[in-house]
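Have a look at the structure below, then the notes.
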Amino acid sequence: MRLTALLILVIWLNSVPCAAADESAADLFAGKCARCHTFGHGRKKGPDLKKVADWDLDRIHRQVVKMQRKAGHLSEQEIAGLTTYVKEEAQKCAQEAPPK
Ligand code: HEC
């Protein structure tokens with residue numbers, strides 16, 4: 001059921017312009033995740049998250065759940081928001097990256 005909710009959220013997010021991506025998840029990422037991760041700006045303490053662009057949501061979700069060890073407790077809602085946010089940002093980044 002949780003996955004279904006995530007899929008609905010992703011479909012909804014994909015129907016609005018990039019700039020309107022979930023703002024609370026963006027804040028959360030900036031506050032709790034950005035010190036270790038970037039999207040397309042190389043690795044910090046953690047890997048560059050642009051590589052998760054083609055991971056399925058379930059796999060990203062499991063990783064975000066694990067990240068609580070590093071980032072502190074997150075609510076179900078925060079985890080769901082971050083999961084779709086990470087996927088969205090990684091995909092944007094994959095689209096914008098110049099061909100190598
Ligand atoms: C203290 C540093 C640190 C913080 C804070 C952190 N991460 Fe990570 N993250 C890592 C490291 C190191 C890995 C590598 C694999 C592992 O440890 O599971 C990782 C792996 C990941 C992965 C899987 C990517 C891969 O290549 O394995 C995702 C997705 C992710 N983190 C998301 C997040 C999110 C979302 C947050 C904020 C809630 C967050 N991380 C906070 C260090 C961090």
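Just to be sure before I move on: is K66 surrounded by 11 or more Cβ atoms within 10 Å (Cβ to Cβ) and either of a type outside the set (D, E) or out of contact with any His (no Cβ under 8 Å at 6 or more places or on another chain) (or both) in the structure I sent? Here the answer is no, as K66 does not meet what is asked.
What number of residues within the range 28-54 satisfy the criterion of being in a helix (DSSP H, G or I) and farther than 22 Å from T4 by Cα?
Looking only at that region, the number is 8.
Looking only at residues that are in contact with a Gly (Cβ under 7 Å, 6 or more places away or on another chain) and assigned to a helix (DSSP H, G or I) in the range 1-27, which one is modelled with the lowest pLDDT? It comes out as S24. So, in the range 72-100, exactly how many residues are farther than 18 Å from A30 by Cβ and part of a helix (DSSP H, G or I)? Going through the range 72-100 one residue at a time, the tally reaches 5. Among the residues making up the range 55-71, those that are in a loop (DSSP other than H, G, I, E, B) and either modelled with pLDDT under 95 or near the ligand (Cβ under 8 Å from one of its atoms) (or both) are W55, M67.
The values are calculated or read from the model by the stated rules, or taken from the named source; none is laboratory data. All values derive from a computational prediction rather than experimental measurement. Don't worry about glycine lacking a Cβ; one is built from the backbone with ideal geometry, like all the others, and counts go over all protein chains shown.
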